[in-house]
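First the structure, in the form of structure tokens, and then the observations on it.
We did not get these values from a lab; they are worked out from the coordinates using the rules stated. Because the structure is predicted, anything quoted here is derived from the model rather than measured. Cβ sites come from the backbone with ideal geometry, for glycine too, and all protein chains shown count toward neighbours.
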Amino acid sequence: MIELLVVIAIIGILASIVLVSFPGASKRAKDSRMVSAVGQARTVMTYVYANEGSYDSLACSLEDMEPLCAEIADNHPTKGTNPTIVLSAGGTNSTSACMYTQLNAKDNYWYCADSHGRAGFVSTAANNPGQAGYCLVDAVNNSTHCPPFD
């Protein structure tokens, strides 16, 4: 009887350890899904530019972007929030694009990908003047790109 109680106690301790670490693992899994979706969206950026010569039509309403934006919205810390897409030239004859979304596992961390082939993690410490959210906008060169990565 005592052995049975000891085994039950050990199982209880192990179960509590697993339950304590589960929320962190769940947040990291959601972040992985969003990072993957943003990476795939970067491929769509290339496709749009190759076919149209600009990024003007790049939006979550675009057929190839809809499932990616839905994946991000489902896993976003504020459920239902789409990624932010920033175009150079404000959406008319855009020559570059940038996309970012907030992550779950770390506070104030974002994932950014741009049409220049750069992608990475950005914290609010990387906030720079002239920045539209977490995409840097260079009005002189009519370009938008991710800020320096952490």
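How big, on average over all directions, is the shadow cast by the Cα convex hull of the chain, in nm²? Present the calculation step by step, with values, prior to reporting the outcome.
Values: hull surface 44.4 nm².
So the mean shadow area of the Cα hull is 11.1 nm².
Each residue of the stretch 61-75 was assigned a 3J(HN,Hα) from its phi angle through the Karplus curve 6.51 cos²θ - 1.76 cosθ + 1.60 (θ = phi - 60°); the sequence is 7, 5, 3, 6, 8, 3, x, 5, 5, 5, 4, 5, 4, 5, 10 Hz, with glycine and proline shown as x.
Could you rank the peptides 9-18, 24-33 by their average count of other C-beta atoms within 10 Å per residue, with the highest value first?
Working: 9-18: 10.0, 24-33: 14.2.
With the highest mean Cβ count within 10 Å placed first, the list reads 24-33, 9-18.
Projected label points at V18 and T95, each 7 Å from Cα along the beta carbon direction, are separated by 5.7 nanometres. Residues in the stretch 48-55 carry Karplus couplings, in order, of 4, 5, 5, 8, 10, x, 7, 9 Hz; the curve used is 6.51 cos²θ - 1.76 cosθ + 1.60 with θ = phi - 60°, and Gly or Pro positions show x.
About its Cα centre, how strong a charge dipole does the chain have in debye, to the nearest 20, once Lys and Arg get +1 and Asp and Glu get -1 at the Cβ?
Details: 8 positive and 13 negative charges, 79 e Å.
So the dipole magnitude of the chain works out to roughly 380 debye.
In percent, rounded to a whole number, the relative contact order of the stretch 11-137 is 21, using alpha-carbon pairs under 8 Å and six or more apart.
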